1. Inspect the range 226-233 for any residue being in contact with a helix residue (DSSP H, G or I) (Cβ under 8 Å, 6 or more places away or on another chain), assigned by TED's automatic domain parsing to the domain that holds residue 186, buried (at least 17 other Cβ atoms within 10 Å of the Cβ) and touching a residue at least 12 places away in the same chain (Cβ under 8 Å) and give the result as yes or no.
2. If a residue must be within 16 Å of residue 52 (Cα to Cα) and modelled with pLDDT of 95 or more, how many such residues does the range 93-119 contain?
3. If you check residue 136 against the conditions, is it modelled with pLDDT under 80, within 26 Å of residue 249 (Cα to Cα) and more than 28 Å from the chain's Cα centre (by Cα)?
4. Every residue in the range 35-61 that is over 25 Å from residue 83 (Cβ atoms) and surrounded by 14 or more Cβ atoms within 10 Å (Cβ to Cβ), please.
5. If we scan the range 218-237, do we find a residue that is in a loop (DSSP other than H, G, I, E, B), over 15 Å from residue 146 (Cβ atoms) and modelled with pLDDT of 90 or more?
């Protein structure tokens, strides 16, 4: 009887040990599944020069396991003129675009090296054939010379790829009940425009705001409306530091009968 009980006890201990071992390896033989990510390069867009940059947005991409480890952008077709702020970011800025049609590819990779690709088309239209006339610009033309001396590109300094207008207003100008805006500063031909302004429109692309004012003396004010340049790759550190704080200036301008082009600089 003692031998029988001893054998039974041995059998019981052995079964417990086996059961315990199986519990620790409950996933042994299981097949782990991992689905490939889904890449979304955003919607096709059309812009018109002089706006020459777009925001490439891959944030619509997804992965069932939430394991996206890499985003990679590259231009696969289009004019050679093109720069990219960060080809390995979910969102980046493509700038220095020229007239033509670009195709950008986004590759999204997950932790298991599975990937998906998507493309987005950006069409860049040429400059409008009808350039503005001096009369449409107004007889008083405000511009802002680059106060830092660091602006190297035209338009790109202040163009952050706004999907609607392509531009953000950097400076707001007010004259009595009128208002205007500048999307950036002027940096061409010594950072000073020439009259008539429209004659240099294609080659200079300086930024200006025109007002049609009857004869008289007017008090005006100008203030920068953007102080945060985070994520703007074309903006120099000096430019961001200078406009990183609110700056305001005011003055007067006198319009005489027959005046067609009064150049009024904004000097912060």
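The values are calculated or read from the model by the stated rules, or taken from the named source; none is laboratory data. These figures come from a predicted structure and were not determined experimentally. Backbone-built Cβ (ideal geometry, glycine too); neighbour counts: all protein chains shown.
1. yes
2. 4
3. yes
4. The answer is 36, 37, 38.
5. No, the range 218-237 contains no residue that is in a loop (DSSP other than H, G, I, E, B), over 15 Å from residue 146 (Cβ atoms) and modelled with pLDDT of 90 or more.
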